[in-house]
Amino acid sequence: MKKREATVSFLEYNNVDELPATEKALVGEAVRAAAGAYAPYSHFMVGAALLLDNGDVVRGANVENAAFPSGSCAEKTALSYMVANYGGRKVVAIAIAALTEGLLTDDPVPPCGNCRQMLIEEEQRSGSPVKVILAGRSAIFVLENSQALMPLSFTGRNLRK
Ligand code: THU
């Protein structure tokens, strides 16, 4: 028996103004995306902005449903739209932000397990890292790749013998 560890390292910024310009702009896009959320049940408005390798930005927001499981997270909305409409491109980075009562949340909002799974799939599909930027008012976390969000994740490799 041996003990193994999976550690995650990420950058923490205390202010968006400390971010490199491209990342700061992507956070702005995520906040604007959040404003377009349809969240009449949770009132938790999430926005995701994907930066593509050609510089385009694809936005997504959470879309809720009276039948709760039918709703979609912001990240899932954005990634699904991206794959369907820009399938030849790669996602370089994703910024995620959420609004409650019209204000950016204090803490950065981490993606749910399903969305982590989707981000990791995107990395596998494109063969390139997807940087993750989680923006809150008190802190902004930046992870160099999505795999870091979920150690021991299930991927297509596990489907092979
Ligand atoms: N939500 C997202 O859009 N992304 C996440 O990663 C976490 C949760 C949404 C789903 C639901 O509409 C609302 O936030 C409350 O859970």
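Computed from the coordinates by the stated procedures, all read-outs in this text should not be read as laboratory data. The structure displayed is predicted, hence computed values, not measured ones. Cβ placement follows ideal geometry from the backbone for every residue including glycine, while neighbour counts extend to all protein chains displayed.
Length gained on full extension, residue 70 to residue 103, computed as 0.36 nm times the residue gap minus the Cα-Cα distance: 9.3 nm.
Per-residue extension of 0.36 nm, minus the Cα-Cα distance of residue 12 and residue 114, leaves a gain of 34.3 nm for this segment.
When only the Cβ of Lys, Arg, Asp and Glu is charged (+1, +1, -1, -1), the dipole of the chain relative to its Cα centre reaches about 840 debye.
The distance separating the Cα centre of segment 1-46 from that of segment 82-161 comes to 9 Å.
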